[in-house]
Amino acid sequence: MSLAVVTLKKGEGRFLKSGGMWVFDNEIASVMGSFVNGDIVLVHDFDGYPLGRGFINRNSKITIRLLTRNENQKIDEDFFEKRVRDAWEYRKKVTDTSSCRVIFGEADFFPGLVVDKFEDVLVVQSLALGIDRWKELILDLIKKVLSEDGITIRGVYERSDAKVRKQEGMELYKGFIGEEFPTLVEIQENGVRYQVDVKDGQKTGFFLDQKYNRLAIQKLCKDARVLDCFTHTGSFALNAGIAGAKEVTGVDASELAVHQAQENAKLNGLDKTVKFICEDVFELLPKLEEQGEKYDVVILDPPAFTKSRSSVKNAVKGYREINLRGMKLVKDGGFLATCSCSHFMEYELFTKTIGQAARSAHKRLRQVEYRTQAPDHPILWSSDESYYLKFYIFQVCDEK
């Protein structure tokens with residue numbers, strides 16, 4: 001059966017031609033041939049020049065998600081197995097694979113698909129209609145490829161419960177794929193043990209992207225008094241504790257997250273030095289400042305304050321406020337680790353916002369290092385959404 005052909009308007013497709021993998025609804029001149037949403041189609045420029053093959057979904061503003069720039073490439077099991085092997089071989093070279101992101105959407109040329117590996121469990125998030133049809137085959141291929149390295153996957157859990165699925169005309173879903181298994185999974189990272197809740201934890205259960213950023217703060221935390229804000233299940237706090245901090249306080253507004261963090265502290269024998277409290281960070285920090293509290297290290301790992309371009313202005317206010325408050329709690333010569341996980345909060349804007357906070361707090365910042373996400377979340381140049389995590393470590397000095 002011949003594939004439908006999508007033809008772009010003259011002058012459109014700039015994102016696609018510059019290396020991107022998306023075609024937006026307002027860039028399309030015509031669709032010739034029959035198809036149903038989720039099918040593979042051919043993509044042509046206005047003059048008939050072939051641009052590749054991808055999934056179509058007229059329900060989504062991202063109408064085409066490109067799979068290959070080779071118009072003649074057959075999309076079948078062999079095609080996806082090659083992609084899976086490429087993704088796994090890459091990770092074996094660049095990261096600790098005991099727990100890692102195996103598939104990172106467009107950055108691994110699997111548009112709309114995320115697969116995380118927590119020891120011997122896979123967690124999948126499918127966010128696009130086209131890839132959803134191939135999801136179970138791709139998971140079987142991942143199991144096959146990992147088994148060749150002696151890794152047996154005992155269970156798969158699906159966390160396709162992100163609201164973005166509604167923009168694809170898809171229902172939210174979470175549940176087991178295959179046999180059921182206990183959904184608290186123990187992992188170890190940087191010498192710290194965690195219980196990961198793949199069923200009810202945020203996103204896929206644990207934020208693997210901060211792996212080496214957590215490791216980077218360890219060297220600052222020996223004998224230190226540490227405040228970890230937006231601690232979630234305690235990952236930065238526990239890295240501080242295992243590095244020999246004398247006192248660590250982790251703060252999060254979620255009771256579920258704080259309970260899990262406390263359990264993780266016990267798991268590591270750190271519950272005497274690493275404590276967690278359930279409070280709103282924005283309300284707590286001014287109180288700590290009034291009480292005259294000071295810390296050797298303050299860590300700010302907030303959730304994304306913006307998930308769209310339209311809310312960036314409000315996000316800037318949030319980042320400026322939280323960084324100003326955090327800096328005021330750092331002892332002269334102490335350290336601030338601060339980050340943003342929204343790709344809409346671009347590097348230049350985030351950097352400028354921190355600078356504004358420092359001036360308002362009358363602090364001088366000495367940059368120790370700038371980091372981004374762990375390499376199992378590769379940044380694909382020309383795919384802007386794959387570059388989202390910005391992470392700074394500063395020494396904070398009083399104005400002299």
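Below, the figures for the structure above:
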{"item": "Length gained when the stretch residue 385-residue 309 is fully extended (0.36 nm per residue, less Cα-Cα span)", "result": "26.1 nm"}
{"item": "Solvent-accessible ranking of 126, 34, 98, largest area first, probe 1.4 Å", "result": "34, 98, 126"}
{"item": "Whole-number accessible area per residue in Å² for the chain, which is evaluated in the context of all protein chains at 1.4 Å", "result": "45 Å²"}
{"item": "Neighbourhood charge, 15 Å Cβ-Cβ cut-off, centred on residue 273 and excluding it, Lys, Arg +1 and Asp, Glu -1", "result": "+1"}
{"item": "Gain upon complete extension [residue 10, residue 348; 0.36 nm per residue less C-alpha separation]", "result": "118.4 nm"}
{"item": "The stretch 1-118: equivalent-ellipsoid semi-axes (sqrt of 5 x gyration tensor eigenvalues, Cα, Å)", "result": "29, 14, 13"}
{"item": "Cα-based reach from residue 400 at 17 Å (exclusive), listing lysines while leaving out same-chain residues under 8 positions away", "result": "328, 331, 363"}
{"item": "Percent RCO, i.e. relative contact order, over the stretch 300-383, from Cα pairs under 8 Å lying at least 6 residues apart", "result": "35 percent"}
{"item": "Distance from the stretch 224-273 to the stretch 323-394 (C-alpha centre basis), Å", "result": "21 Å"}
{"item": "Residue-level accessible surface for residue 362, protein heavy atoms, 1.4 Å, Å²", "result": "110 Å²"}
{"item": "DSSP-loop trypsin sites (Lys or Arg not before Pro) across the stretch 40-91, with at most 16 other Cβ within 10 angstrom", "result": "58, 61, 69, 74"}
{"item": "Whole-number percent relative contact order across the chain, with pairs defined as alpha carbons under 8 Å at least 6 apart", "result": "11 percent"}
{"item": "Inter-site label distance for residue 32 and residue 93 at 7 Å from Cα along Cβ, in nm", "result": "4.1 nm"}
{"item": "Semi-axes of the equivalent ellipsoid for the stretch 224-374, Cα gyration tensor, largest first, Å", "result": "25, 18, 14"}
{"item": "Probe 1.4 Å, all protein chains present, accessible-area order of 236, 230, largest first", "result": "230, 236"}
{"item": "Extension gain (nm, one decimal) between residue 246 and residue 75, 0.36 nm per residue minus Cα-Cα", "result": "56.0 nm"}
{"item": "In nm, spacing of pseudo-spin labels at residue 280 and residue 18 (7 Å Cα→C-beta vector)", "result": "4.0 nm"}
{"item": "Listed residue pairs exceeding 23 Å between alpha carbons, taken from 219/294; 10/313; 117/174", "result": "10/313"}
{"item": "Accessible surface of the stretch 351-400, 1.4 Å probe, proportion on carbon and sulfur as whole %", "result": "52 percent"}
{"item": "Loop-located GluC sites (Glu not before Pro) in the stretch 1-97 whose Cβ has at most 13 other Cβ within 10 Å (DSSP)", "result": "none"}
{"item": "Order of exposure, largest accessible area first, which applies to 154, 364 with probe 1.4 Å", "result": "364, 154"}
{"item": "24 Å Cα-Cα reach of residue 74 towards lysines, excluding residues that sit fewer than 8 places from it in its own chain", "result": "17, 82, 135, 143, 144"}
{"item": "The chain, helix-only ellipticity at 222 nm - DSSP H runs n ≥ 4, -39,500 (n - 2.57), divided by all residues, nearest 500", "result": "-8500 deg cm²/dmol"}
{"item": "Contact order normalised by residue count of the stretch 53-177, Cα under 8 Å, 6+ apart, percent", "result": "21 percent"}
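The values are calculated or read from the model by the stated rules, or taken from the named source; none is laboratory data. All values derive from a computational prediction rather than experimental measurement. FYI the Cβ positions are ideal-geometry reconstructions off the backbone, even for glycines, and counts take in every protein chain you see. Heads up: the accessible areas ignore ligands, DNA and RNA and are worked out on the full protein's heavy atoms, side chains in. Shrake-Rupley method; radii C 1.70, N 1.55, O 1.52, S 1.80 Å.
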